[in-house]
1. Just to verify a result, which residue in the range 223-237, among those that are over 21 Å from residue 318 (Cβ atoms) and not in a strand (DSSP E or B), is nearest to the ligand (Cβ to nearest atom)?
2. Select, from 201, 281, 287, 215, the only residue that is touching a helix residue (DSSP H, G or I) at 6+ places or on another chain (Cβ under 9 Å) and closer than 28 Å to residue 385 by Cβ.
3. Yes or no: residue 123 surrounded by fewer than 22 Cβ atoms within 10 Å (Cβ to Cβ) and over 30 Å from residue 161 (Cβ atoms)?
4. Can you tell me how many residues within the range 238-268 are in a loop (DSSP other than H, G, I, E, B), in contact with a strand residue (DSSP E or B) (Cβ under 9 Å, 6 or more places away or on another chain) and more than 16 Å from the ligand (Cβ to nearest atom)?
5. Residue 220: within 16 Å of the ligand (Cβ to nearest atom) and either without any contact (Cβ under 8 Å) to a residue 60 or more places away in the chain or buried (at least 22 other Cβ atoms within 10 Å of the Cβ) (or both), yes or no?
6. Could you grab me the full set of residues in the range 300-332 that are part of a strand (DSSP E or B) and either more than 13 Å from the ligand (Cβ to nearest atom) or in contact with a helix residue (DSSP H, G or I) (Cβ under 9 Å, 6 or more places away or on another chain) (or both)?
7. Can you tell me which residues in the range 290-299 are under 18 Å from residue 210 (Cβ atoms) and either away from the ligand (no atom under 16 Å from the Cβ) or surrounded by 20 or more Cβ atoms within 10 Å (Cβ to Cβ) (or both)?
8. Give me the pairs: first residue in the range 62-73 and modelled with pLDDT of 90 or more, second residue part of a helix (DSSP H, G or I), beta-carbon distance under 8 Å, and six or more apart or on different chains, which are they?
Ligand SMILES: [Zn+2]
């Protein structure tokens, strides 16, 4: 046990729910007194703070998108009324927009995620996120520090500098995007090094970019780097992280997560996919129900690592890119994963309406690879990744229409 894998993380589900309800209730109470935004929102809906006392009550409030936060901040700079007057703000970060984010000096933001990824005292970790203006550099830095590691603030320095630091400082870990790590490895090889033999970098924690399964295998098998993913948003901080089981991302202890239907803002049935909506329990920035625009679902089963928090299944894609088919979202990201399993097949999903029902066709280019398709396996893999059954697989002689698109929605609604 450690303070980042403590009683909080092994609480019973009921206990966590009760704790979160109390904290939410206190946040709404305080928000009503200190934040113009919370006051206005509740008043307009005819609600009192005492109407929001449990996670389930959050549905009474609207989901606020990133765009909306920026808009409100533009109208009422700097914080759009979300922040308490005279709040004790430790620092202010700036995201493109600009969006201004007050921070409370939550030095332990991300610490649970880094701890779960195995970062400890004695580790020397490259933090390749920008320290300029944005929250990333500093908040990841402090998370690593809290987990016990020594941090090298290499930021956005070029790959050659990063290779030099890995070599000279005996770097053991990395945090940043997967694409930058592979660029660093490529540079090292170009410089004549054998990355696995010559260097001691054995652990990596990725944020801000999806980790392709094939790239993960390369990092782990070819380069001996144990890889982990974390998930968050600059407006709300850390949201979820992988543990050593690598089967879903544990939801952080200071956030309430809802999975909602983006068209209604209401929670979907357990296990179903929807937009990740986050409420960070705190007493400074009163952003209730922040809509991330990311699609995911909740894994309900217990995790073998011992943490009792629910997990996100990973990020399936963005709300705007997704097409809803028979109640499930299909995203270009999911189709790319299907494509990874069948790298030689060119296909495209076409959604139509037949007999008042969504009909899913997969158009497959009938080239020399076509004969080799194991249609049964294709259907199984597709169903496993997208959770929607294929109605018809259709060979097409010519090339796919609208080639750049992996999914086309041809439904017409009267
Ligand atoms: Zn776990």
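1. Per the stated criteria, the residue is 225.
2. 215
3. Details: surrounded by fewer than 22 Cβ atoms within 10 Å (Cβ to Cβ): yes; over 30 Å from residue 161 (Cβ atoms): no.
It is false that residue 123 is surrounded by fewer than 22 Cβ atoms within 10 Å (Cβ to Cβ) and over 30 Å from residue 161 (Cβ atoms).
4. 7
5. Judged against the criteria, residue 220 is not a match.
6. If the condition is that a residue be part of a strand (DSSP E or B) and either more than 13 Å from the ligand (Cβ to nearest atom) or in contact with a helix residue (DSSP H, G or I) (Cβ under 9 Å, 6 or more places away or on another chain) (or both), then 317, 318, 323, 324, 325, 328, 329, 330 are the ones that fit.
7. Pass one, the range 290-299, residues under 18 Å from residue 210 (Cβ atoms): 292-297, 299.
Scanning the range 290-299 gives 292, 293, 294, 295, 296, 297.
8. These pairs meet every condition: 62/41; 72/37.
The values are calculated or read from the model by the stated rules, or taken from the named source; none is laboratory data. All figures in this text were calculated on a predicted structure; none of them were measured in a lab. So basically every Cβ, Gly included, is an ideal-geometry build from the backbone, and we count neighbours across all protein chains shown.
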